[in-house]
Each structure stands twice: as C-alpha cells, then as structure tokens.
Amino acid sequence: MAIASKLTAIGIIALSFAVGFLSFYLLSDLTREQKKLQVEEIISQLFNFVIFIWIGKILINLSTFISDPLSILAYPSDSKSFYFAIVSIALMLLYKSKQKNMQVIPLLDSFVHLFLISSFVYEFIQFVVVDNFYALGYLILLSILIAIFFLLRERFTTLKMLTVIVIVWSIGMLILGFVQPFVTVFGYIMAPWFVGLFLVMSVGILTYKIRRGLHNGYY
C-alpha cells in the first residue's frame, strides 16, 4: 500500500512536469533551438535537485545510514531534505554563473514558466482528484502568479519580472502559512521561516543584479 502510494505521488509529479514542459514548448517566445537547450539544462538541474534531496536525506539520517545504508531507502524525504536541495542547487548555479559564465537569468525565466504551470497542474490534481482541500489556497496563488508572469514578461525586463514573481509568491506563501495548518510545494511543507529566508535572499540577489545592470547601462 505504501509503495503504491509513493508511486502514485511520483506519477502525479511526473505528469505535472510533463504538462509544464509542453506548456513551455508551446508558449515560450524562444526559438526551437533555444527551447531545446533550456529544456536540457532544466532537466539536468532537476536531476541534480533529486540527488541533493537524497544527499540531504542521508545527512539528516547520517547515524542510521552509517549503521545500515540500505535502510535509508525506507525513509521518506522530508522538508529538511527539500530545503537542503534548494540551497544546494542555488549555490551550484551561483558558482556556475561566476566561474563558468553560465547564463542563469534566462534559465530562471524558463524554469519559472515550468514551475508555475507544473505546480498548478499538481495542485489542481491534489484538489480535484485527491480531494485535498488545503491545495485550494496555493492553487489560487498560482493562478495569480501565472497571470502576472504572462502579462509582465512583455512589459518588464526578465530580472524585474522575476523579482515581482518571487515577492508575490513569498508573500502569498507566508499568508497561506498563517491562515491554514500547512502549505506545501509538490508535497513538501514550506515553513514560514524558510519562505522568509528565500524571499530576502532572492530579492537581494535580483536587486543587486538589477542595480548592476542599471550601472552598466543595460536597463
């Protein structure tokens, strides 16, 4: 029963991302070659993200892993592992942008498109099929964010649009975290302290890049 439940959860996430990628291919303004490159990079980073979740799970249950490595397979990935993966992938992208001149902002723009659509599909399934009432609040927030994303991407620079998305998402998550028992992202509970930390760090980095762009005459 537990295995079937786990496979169902994985299947819902896989379906959600499949719809997200399809939406990106159909609605993105990038060329076909650019879409292909972005999708390949996003898939690569998603694999890295999963690896970081497993590393986080091992570190959190290190004593158990040392005494019985195979038993770690029975431990579900909790929110702490998810937080660890987010921080790890952010640091890795920051390193690549600094040391390997990776164009992170265009990648983030494409990922936001994928994330919003995939999250919407996931929460819609949770609300309609799984009958999870607490998915409704996040579903409404995602609807607002998707509308903002498609309305602003033609009017704002990518950095400014990403900043607005991050601020609205974070404030919305904080509000949901206070008005309902919990709020989740792909099944992982988002604690208010982590959302607040994410907001401060993300807005700080994006604001720095915007100011640097203004200083260099990019905007």
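The values are calculated or read from the model by the stated rules, or taken from the named source; none is laboratory data. Bear in mind that the values here come from a model prediction, so they are computed numbers and not experimental data. Using ideal geometry, Cβ is built from the backbone for each residue, glycine included, and neighbour counts are taken over all protein chains shown. To get the accessible areas, we keep the full protein, side chains included, count just its heavy atoms, and leave off ligands, DNA and RNA. Shrake-Rupley method; radii C 1.70, N 1.55, O 1.52, S 1.80 Å.
Looking across region 29-47 at every residue that is open to solvent by less than 40 Å² (accessible area, probe 1.4 Å) and under 18 Å from the mean Cα position of the chain (by Cα), the one that is nearest to Ser119 (Cα to Cα) is identified as Ile42. Does Leu91 qualify as being assigned to a helix (DSSP H, G or I), without any contact (Cβ under 8 Å) to a residue 12 or more places away in the chain and under 20 Å from the mean Cα position of the chain (by Cα)? So Leu91 passes the test. Here Val50, Val129 are screened, and the one residue that is under 15 Å from the mean Cα position of the chain (by Cα) and open to solvent by 70 Å² or more (accessible area, probe 1.4 Å) is Val50.
Which one of Ile125, Ile86 is within 14 Å of Thr184 (Cα to Cα) and touching a residue at least 12 places away in the same chain (Cβ under 8 Å)? Steps first, please.
Values: Ile86 fails: within 14 Å of Thr184 (Cα to Cα).
Just a single option satisfies the conditions, and that option is Ile125.
Only residues that are open to solvent by 50 Å² or more (accessible area, probe 1.4 Å) and aromatic (Phe, Trp, Tyr) were counted across region 173-197, and they come to 3. If the condition is being within 17 Å of Gln34 (Cβ to Cβ) and part of a helix (DSSP H, G or I), then region 96-141 contributes Val104, Ile105, Pro106, Leu107, Leu108, Asp109, Ser110, Phe111, Val112, His113, Leu114.
Condition check: within 18 Å of the chain's Cα centre (by Cα) and either open to solvent by less than 20 Å² (accessible area, probe 1.4 Å) or of a type in the set (Lys, Arg) (or both). Does Tyr138 satisfy that? Yes: the conditions hold for Tyr138.
Residues that are out of contact with any helix residue (DSSP H, G or I) (no Cβ under 6 Å at 6 or more places or on another chain) and of a type outside the set (A, V, I, L, M, F, W, C) were ranked within region 108-144; the one that is farthest from Gly172 (Cα to Cα) is Asp131.
With respect to Ser170, is the statement that it is of a type in the set (Gly, Ala, Ser), surrounded by 16 or more Cβ atoms within 10 Å (Cβ to Cβ) and touching a Gly at 6+ places or on another chain (Cβ under 7 Å) true? Judged against the criteria, Ser170 is not a match. Hey, could you check region 92-123 for residues that are among the polar types (S, T, N, Q) and at pLDDT below 90 and say which is least open to solvent (accessible area, probe 1.4 Å)? Top of the filtered list is Ser97.
Annotation for region 164-186: no member residue is modelled with pLDDT under 95, in contact with a Lys or Arg (Cβ under 7 Å, 6 or more places away or on another chain) and either of a type in the set (A, V, I, L, M, F, W, C) or on the phi > 0 side of the Ramachandran plot (or both).
Within region 139-158, residues that are free of Cβ contacts under 8 Å to residues at least 60 places away in the same chain and closer than 15 Å to Val183 by Cβ sit with their Cβ atoms under 7 Å from residues that are open to solvent by less than 40 Å² (accessible area, probe 1.4 Å) and of a type in the set (D, E, K, R), at 6+ positions apart or across chains, in these pairs: Leu139/Glu123; Leu142/Glu123. Of all the criteria given as (1) farther than 28 Å from Lys98 by Cβ; (2) free of Cβ contacts under 8 Å to residues at least 24 places away in the same chain, the one not satisfied by Gly172 is (2). Of all the residues in region 54-83, those that are open to solvent by less than 70 Å² (accessible area, probe 1.4 Å) and modelled with pLDDT of 85 or more number 8.
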